[in-house]
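Report on the structure given below.
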Amino acid sequence: SAVLKSSLKSSLEKLECHFTWTLLEEDVDLDELEETVGYQIKFFTESNIQNYNLMSYICHLKKSNEEALKNLQKAEEEVQKNHPDEIARRSLVTWGNYAWVCYHLERYEEAQSYINKVENSGKELSSTAQWKIELPEIWAEQGWALIKWGKKYFERAKNCFENALKKEPDNPEFNAGYATAMYRLEECFYRQCEHETLSLEPLKRAVELNPKDTFLMALLALKLQDLNQDDEGERYIEEAMQKTPCSPYALRYAAKFYRRKGEVDKAMEILKRALTVTPDSTFLHHQLGLCYRNKLFQLKMSTRYPPQEQVEELIQLAIYHFKIMTDRKTKFYRAHIDLAKMYAEAKRYEEAEEAFQKASQINILSNVDKQQLCYLYGNFQRFHVKSESEAIGYYIKGMKIQKDSYFFYKCRDALKKMLQQRIQRGLGDATVFGTLGFISSLSSEKHEAIEYYEKAVALNPDNEEYLSALCGLRLSL
């Protein structure tokens, strides 16, 4: 048995399935993911083979391998029902997962039999020696799993769908995956820059190939809205709601569309309808919180002295819905930030501080998130706590995370403004000019940086840091 166990391990690692796709447990909130996949099984009936496979892996990570086996059984039933002519082709990932789960349950003979199944089917299905990589369905299934695993994985997901599309450029499902991955990438990483429209054509093509898919329609509508094409976007949103009036996905994105359009009451009505379909959906609570926040801003913009009790009520409602989200989804960064800002708005600074701290401890933050957090926390220190030195420290920290990004410039501009105000108030000491020099050199404005460092050195001739920065800059010109 020990011999069998060690020979199994190397065969298992060659299989293409969730266990070998480096989907790391620390990058997701497993409870949240389980809820999401559960909803998708209920409402997206066509891609359930993949959802059951993914659910089996989630169950394994949650230490319930027996549940994992039940989900794999369901995946097999789906294959038999929907693809009776392509059982082997559609089951390779399922069988790979089976082999791994059996291995973890110490059922080594069974594990071996699934490995044999995969290997034999693979040889029949492919003419090359490297059979496993050649099947576009496997690339696509990996792509969908990666999308669900979160933003660190979106780039890899895009590459998977590109590989699948090389084999079958007109496949509706592969186009849907590629468009979804591109949309998610833009949403997370490319905001406010020239990549803004990369997902538009893929989304249009995917909607054309999947005319029944209202989820894709809703994404296309939001993309068109990003590009100020609200009217065309609204046509897609209305069509999606007509085709699937009870789909929580079509409804939640429709609500987002109308909220961003400024029709907050309409958005709230849609969200409340969606909550009757999926009462446990934390996403809907987050969206409701955003609606109350928008109503608060609208009230403040439209009246010079808004009634205090109305202001209080909207703040309380926003906090209530954001808190439902943060309590249940501890790794959902956006909700922690929204909650922190709302506490600050209510002058509840200790709770705001706590929400910011919780956001900063989430272990799956991207650089964009970390930079945004420095910017927002800097603002909190500057405008609410009135601690300029703390604010400066966080803006600098934010700028150091990555250059040439949206929040790099937000941190830089906020910092410059603060320091220039200090100079105007006659408080321009060496530190102020040294910091301005540092900002200019990070922004590759060398001449400006030299001027600032010269002023800093004139005010503090013994400062090693300013002297060496100045020398370095002069040499690099």
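The values are calculated or read from the model by the stated rules, or taken from the named source; none is laboratory data. Model, not experiment: these values are computed from the prediction. Note that we place each Cβ from the backbone using ideal geometry, even for glycine, and neighbour counts take in every protein chain shown. For the accessible areas, the whole protein counts, side chains as well, though only heavy atoms, and no ligand, DNA or RNA atoms are used. Shrake-Rupley method; radii C 1.70, N 1.55, O 1.52, S 1.80 Å.
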Residue in segment 459-477 that is farthest from Phe438 (Cα to Cα), counting only those that are surrounded by 11 or more Cβ atoms within 10 Å (Cβ to Cβ) and among the hydrophobic types (A, V, I, L, M, F, W, C): Leu459
Out of all the residues in segment 1-24, which are among the acidic types (Asp, Glu) and surrounded by 14 or more Cβ atoms within 10 Å (Cβ to Cβ)? Glu16
Please determine whether any residue of segment 227-241 is touching a Leu at 6+ places or on another chain (Cβ under 8 Å), part of a loop (DSSP other than H, G, I, E, B) and open to solvent by 10 Å² or more (accessible area, probe 1.4 Å). yes
With respect to Ile392, is the statement that it is crowded, with 17+ Cβ neighbours inside 10 Å, touching a residue at least 40 places away in the same chain (Cβ under 8 Å) and within 24 Å of Glu350 (Cα to Cα) true? yes
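Residue-wise test of (1) in a helix (DSSP H, G or I); (2) farther than 20 Å from Ile270 by Cβ; (3) in contact with a strand residue (DSSP E or B) (Cβ under 9 Å, 6 or more places away or on another chain).
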position: Ile147; (1), (2), (3): yes, yes, no
position: Thr180; (1), (2), (3): yes, yes, no
position: Lys204; (1), (2), (3): yes, yes, no
position: Lys212; (1), (2), (3): no, yes, no
position: Leu216; (1), (2), (3): yes, no, no
position: Lys223; (1), (2), (3): yes, no, no
Test result for Gln50, closer than 20 Å to Val118 by Cβ and open to solvent by 20 Å² or more (accessible area, probe 1.4 Å): yes
In segment 1-38, the residues that are of a type in the set (S, T, N, Q) and not in a loop (DSSP other than H, G, I, E, B): Ser6, Ser7, Ser10, Ser11, Thr20, Thr36
Considering only residues that are not in a helix (DSSP H, G or I) and not β-branched (Val, Ile, Thr), which ones fall in segment 375-405? Lys386, Ser387, Gln402, Lys403, Asp404, Ser405
Members of segment 267-281 found to be in a helix (DSSP H, G or I) and open to solvent by 30 Å² or more (accessible area, probe 1.4 Å), listed by number: Glu269, Lys272, Arg273, Leu275, Thr276, Val277
Pairs, please: C-beta under 6 Å, at least 6 apart or cross-chain, first residue under 16 Å from Gly398 (Cβ atoms) and in segment 432-453, second outside any helix (DSSP H, G or I)? none
For segment 294-331, give me each residue that is open to solvent by 50 Å² or more (accessible area, probe 1.4 Å) and of a type in the set (Phe, Trp, Tyr). Phe297, Tyr305, Tyr320
Out of everything in segment 423-444 that is under 33 Å from the mean Cα position of the chain (by Cα) and not in a helix (DSSP H, G or I), what residue ends up being surrounded by the fewest Cβ atoms within 10 Å (Cβ to Cβ)? Ser444
Residue under question is Tyr258, and the condition is that it be of a type in the set (Phe, Trp, Tyr) and in contact (Cβ under 8 Å) with a residue 24 or more places away in the chain; does it hold? no
